[in-house]
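Remarks on the structure that follows.
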Amino acid sequence: MNFEHVNNKQLQDIERLVKELMEVLRKSGQSDDPIYRDLAKVLERAEVERRARFDANDSGYKGF
């Protein structure tokens, strides 16, 4: 999934909603389902993109 053209607000919403969905799946015992692992990958990619954008905008916190 490519988040390059997603604006910061939408990226933040994606992260939040994926986390919420993963929590619901976990609480319902569905964390072994393949969709849960796919959501974890989407979340990881979104987090990496968000951190990269933050580092690009404010180099004082690079890698924080």
Using a 1.4 angstrom probe on heavy atoms only, work out the carbon and sulfur share of the accessible area of the chain in %.
52 percent
If you compute semi-axes √(5λ) of the Cα gyration tensor in Å for the structure shown, which of [x] 15, 14, 11; [y] 26, 11, 10; [z] 18, 12, 11 do you land on?
[y]
Angle between the Cα long axis of helix 34-57 and the longest principal axis of the chain, 0 to 90 degrees, nearest 10?
10 degrees
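The values are calculated or read from the model by the stated rules, or taken from the named source; none is laboratory data. Predicted, not measured: the structure shown is a model, and the values here were computed from it. Please note that ligands, DNA and RNA were not included when accessible areas were found on the heavy atoms of the full protein model with its side chains. Shrake-Rupley method; radii C 1.70, N 1.55, O 1.52, S 1.80 Å.
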